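Worksheet: one structure, shown below.
The values are calculated or read from the model by the stated rules, or taken from the named source; none is laboratory data. Predicted model only: the values in this text are computed from it and were never measured. Every residue, glycine among them, receives a Cβ derived from its backbone with ideal geometry; neighbour counts consider all protein chains shown.
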Amino acid sequence: MELEELIEALGCENFASAMAAVTRFNSFLDDAKAQLNTKTTTDTIASLRGTLSLVKRLESTTGKSGSDALAQVEAFKTGAERAKTVEGEMQAFKKTQDDRESATLIDASLKSFRLPPAKRETAENFYKEFGLASLKTFLDALPESGIKPKKETSEGPNQPPQNHGDDKPGDEKLTADELRVAKAMRKSPKQALEAKTLWDETNGEISEAHVNDLNAAQMKAARKSA
């Protein structure tokens, strides 16, 4: 290329300004090679074209140009990181709420005597493995017994319970609380005693078959007495 053509191609006015432009261009290429990790000028120019394409795409995506576009990317990055943090905080909060609700449900099942004390750890492990919804299903499937486990009477552990003259059959083997539960469930003392005996014999593990057998036996006894 002739000197005049070079000067014109570089948009310079004279030879001195053209040589200064070439020096600046070579310095730029050296810096670009270092940052882009390229070895040849051809590779460097190809990488710059790719970078320029990304810059144009960035400006199109953000609707901004230059440093404003880069600032928008930084804002997106910060927002994404914050959203991830908030999501983690929400999950932790929900876990705390579920833990409290599961404990409340298990305690309620124990107090209503539907869940034997020996099965508390089983229910807790069930919640930990399968979650709150599955725990609710598990507890809802427990039998509606409502009969207290056996305990010592007020007469003392070595004294037989007293039978008062107006008590009905089975009263002498039920506590006052158990009699109130039986009355609320519209069960006779005898029926309540049979349910309590079944509870004690199975250690609270009453299946649907046990309940059906007990109901059938009570219905049969009612027909005979009728």
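Would you confirm whether or not the range 159-176 contains a residue that is more than 30 Å from T96 (Cβ to Cβ), modelled with pLDDT under 75, of a type in the set (S, T, Y) and outside any helix (DSSP H, G or I)?
No, the range 159-176 contains no residue that is more than 30 Å from T96 (Cβ to Cβ), modelled with pLDDT under 75, of a type in the set (S, T, Y) and outside any helix (DSSP H, G or I).
Taking T40 as the residue in question, decide whether it is closer than 30 Å to C12 by Cβ, surrounded by 11 or more Cβ atoms within 10 Å (Cβ to Cβ) and not basic (K, R).
Considered against the rule, which asks whether it is closer than 30 Å to C12 by Cβ, surrounded by 11 or more Cβ atoms within 10 Å (Cβ to Cβ) and not basic (K, R), T40 comes out as no.
State the number of residues belonging to the range 66-108 that are modelled with pLDDT under 90 and surrounded by 13 or more Cβ atoms within 10 Å (Cβ to Cβ).
Qualifying residue count for the region: 4.
Would a scan of the range 17-29 turn up a residue that is in a helix (DSSP H, G or I), without any contact (Cβ under 8 Å) to a residue 24 or more places away in the chain, β-branched (V, I, T) and in contact with a Lys or Arg (Cβ under 7 Å, 6 or more places away or on another chain)?
Scanning the range 17-29 turns up no residue that is in a helix (DSSP H, G or I), without any contact (Cβ under 8 Å) to a residue 24 or more places away in the chain, β-branched (V, I, T) and in contact with a Lys or Arg (Cβ under 7 Å, 6 or more places away or on another chain).
Checking the condition out of contact with any Asp or Glu (no Cβ under 9 Å at 6 or more places or on another chain), part of a helix (DSSP H, G or I) and of a type in the set (D, E, K, R), which residue from K39, K84, K64, K33 passes?
It is K84.
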